[in-house]
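The values are calculated or read from the model by the stated rules, or taken from the named source; none is laboratory data. All values reported here derive from a predicted model rather than from experimental measurement. Cβ placement follows ideal geometry from the backbone for every residue including glycine, while neighbour counts extend to all protein chains displayed. Keep in mind that these areas ignore ligands, DNA and RNA; they rest on the heavy atoms of the full protein, side chains included. Shrake-Rupley method; radii C 1.70, N 1.55, O 1.52, S 1.80 Å.
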Amino acid sequence: MADTALHATPVTTEARSVRLALSSVVLALTAVLLLAPLAVVFAEALRAGPLASLQAIGQPDALAAIRLTLLVAAIALPLNAAAGLAAAWAIAKFDFRGKALLITLIDVPFSVSPVVAGLALVLLYGSGGVLGDWLKAHDLKIVFALPGLVLATLFITFPFVARELIPVMAEQSRAEEEAALTLGASGWRMLRTVTLPNVRWALLYGVLLCNARAMGEFGAVAVISGKIRGQTTTMPILIEMLYNEYLSTAAFSMAALLATLALVTLALKSFLEWRHADLLAATRRH
Amino acid sequence: MLRTSSPLPGFPLALGLLLSALSVVVLLPLAALLGKGLAMGPGQVLHHLGSARVGAALLLSFRAALIAALFNLVFGAALAWVLARYRFPGRRLIDAAVDLPFALPTAVAGIALTTLYAPNGAFGRLLEPLGLHIAYTEAGIWLALIFVGLPFVVRTVQPVIDEIAPEWEEASATLGASRWTTLRRVVLPVLSPALMTGFALSLARSVGEYGSVIFIAGNLPGKTEIAPLLIVIRLEEYDYDAATAIGLAMLGISFGMLLLINATQVWTRRRIGHV
């Protein structure tokens, strides 16, 4: 750091040598820890050529897994968005007792292991579970079936939309909504024409993160799916099965699809953060 | 719950929707888990937790998560500092890549890391001759947990670095402090609440992590078998009692850590007085 005086480094930064050393170490570690795993997914998927990779994705089991993953996300996302919107409206626009507790409860899924979430669902809906007999008597199947997969996904992604919307809605004043009501708009009209447009980017952002997590969820879904091939195997579950059967190309081709989804998610997320940073709460947290 | 007067409509509907969704999706299943534990009785639960295999699995999950979170605390803080303060080509790309572990499914990360660090993998091939075995050892578990936990530290600390006013550091330098002293005495105290929060979030996520770990861990009972995997194994054997006991222990650890996070945040806020 002897050169500080000579090169007149600003006092609010480190010496050039320190900056160089720190950046190199940190960037090298980032490449090894974050980028290498991503690169290896595509390298392994294409190892036997793109044709083999496409063939693996075209297998009936693979197509069934893709369809199921899309179906689960298509059911879970709107429900989650509606719950998140309701949560944000109640919490951001009104004061009531027990609000802090309610916010904590919304965040609970963040700190529960996905496997424990799956276990809890099995204990509630499975055979021998609390509601197991009742469900059986009415011929309703939740565990090892689509409803179980949806419930597990909903549990894991529950906080995503609410966490994004609450701070954004809280920052916007109630004045615009009050004006709409004064001018005679109904509650639904106010929601449609004032509230939703105001939070649309934040809502999109929350749904985007929710979707990435929903399509990639493994732990909770693994417990409740029963892994019935072609019926309850989502893409991540199929990846595990293929990998354990040493079908490397097939496993990594499926993984490359999900990795592509992750990259698209990150690109959209970066775009939203860059273009609409002022309308997002999340530019300040994960 | 009483609402204060507000002219806006929809409060009962929104709260009702939220409470029903929260109950059905989150609270009811967790209540079923607690209820099952109560039905078993504390003796039964402790009996299952007393087995050597369960004890080793719980200890491993906690120890590996702690090691990974400590690594992420240091590395994540350094990465956040470089991203927030230094300008270099490709910075935006690296900044976006930090979120990769949030977006990449854990099973994908798991098989990718295993392939890299297996004895014949791209990195494993280089490390094996040096006597460094990563895949199928506890070190592999650390690596997977470092991967999933890293963004929590970076994303918690980075915005706080952005908010540090340059005047504080200038004042410190004017008063004769070396750069190191300024970092230690001015910057670090401001960052410490965020560092602690990031550390705790990374820890909480890692303790319960399953997907990225099971491929690389080797899953040897008593050695590299994590607690969530043991739950899955017991469920596959239809041993719901044992699975419930481990699940309750993990739930207890999670909520203990949640309380700890809140307590440290309150404590640092009181000590430092802002943020």
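Determine if region B:117-139 includes at least one residue that is within 19 Å of residue A:216 (Cα to Cα) and not aliphatic (A, V, I, L, M). Within region B:117-139, none of the residues are within 19 Å of residue A:216 (Cα to Cα) and not aliphatic (A, V, I, L, M). For the structure I just gave you, tell me whether residue A:233 is assigned to a helix (DSSP H, G or I), of a type in the set (Ser, Thr, Tyr) and more than 30 Å from residue B:90 (Cα to Cα). Spelling it out, it is not the case that residue A:233 is assigned to a helix (DSSP H, G or I), of a type in the set (Ser, Thr, Tyr) and more than 30 Å from residue B:90 (Cα to Cα). Condition check for residue A:129 on (1) open to solvent by 60 Å² or more (accessible area, probe 1.4 Å); (2) at pLDDT below 90; (3) not in a helix (DSSP H, G or I): one failure, at (1).
Within region A:236-254, does at least one residue satisfy the condition of being open to solvent by 10 Å² or more (accessible area, probe 1.4 Å), of a type in the set (Phe, Trp, Tyr) and either closer than 29 Å to residue B:230 by Cβ or not in a helix (DSSP H, G or I) (or both)? Checked against the condition, which is being open to solvent by 10 Å² or more (accessible area, probe 1.4 Å), of a type in the set (Phe, Trp, Tyr) and either closer than 29 Å to residue B:230 by Cβ or not in a helix (DSSP H, G or I) (or both), region A:236-254 yields at least one hit. Every condition in (1) within 24 Å of the chain's Cα centre (by Cα); (2) surrounded by 14 or more Cβ atoms within 10 Å (Cβ to Cβ) is met by residue B:164 except one, and the failing one is (1).
Listed residues A:82, A:65; which is under 19 Å from residue A:212 (Cα atoms), open to solvent by less than 20 Å² (accessible area, probe 1.4 Å) and assigned by TED's automatic domain parsing to the domain that holds residue A:259?
A:65
Of all residues in region A:9-26, those satisfying the criterion of being facing chain B (nearest Cβ under 7 Å) and in a helix (DSSP H, G or I) are A:19, A:22, A:23, A:26. Candidates in region A:92-117 are the residues that are more than 8 Å from chain B (Cβ to nearest Cβ) and in contact (Cβ under 8 Å) with a residue 40 or more places away in the chain; of these, the one that is nearest to the chain's Cα centre (by Cα) is A:107.
Given the structure, is residue A:148 closer than 29 Å to residue A:218 by Cβ and part of a helix (DSSP H, G or I)?
Taking the combined requirement at face value, the residue satisfies it.
Residue count for region B:195-221 satisfying the condition of being facing chain A (nearest Cβ under 8 Å), aromatic (Phe, Trp, Tyr) and either in a helix (DSSP H, G or I) or open to solvent by 10 Å² or more (accessible area, probe 1.4 Å) (or both): 1. When the helices (runs of 4 or more DSSP H) confined to region B:66-145 are screened for residues that are out of contact with any Gly (no Cβ under 6 Å at 6 or more places or on another chain) and within 8 Å of chain A (Cβ to nearest Cβ), those reaching at least 3 such residues are found at B:91-97, B:100-103, B:106-117. When A:104, A:153, A:157 are checked against the criterion of being open to solvent by 10 Å² or more (accessible area, probe 1.4 Å) and polar (S, T, N, Q), A:104 stands alone in meeting it.
So that you can scan it fast, the table gives a plain yes or no per residue for (1) in a helix (DSSP H, G or I); (2) touching a residue at least 12 places away in the same chain (Cβ under 8 Å):
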residue: B:176; (1), (2): no, no
residue: B:188; (1), (2): yes, no
residue: B:223; (1), (2): no, yes
residue: B:228; (1), (2): yes, yes
residue: B:244; (1), (2): yes, yes
residue: B:250; (1), (2): yes, yes
residue: B:260; (1), (2): yes, yes
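For region A:40-89, residues that are without any contact (Cβ under 8 Å) to a residue 12 or more places away in the chain and within 10 Å of chain B (Cβ to nearest Cβ) total 4. Look at (1) over 21 Å from the mean Cα position of the chain (by Cα); (2) open to solvent by less than 50 Å² (accessible area, probe 1.4 Å); (3) over 28 Å from residue B:111 (Cα atoms); (4) more than 10 Å from chain B (Cβ to nearest Cβ) and you find that residue A:202 fails only one, number (1).
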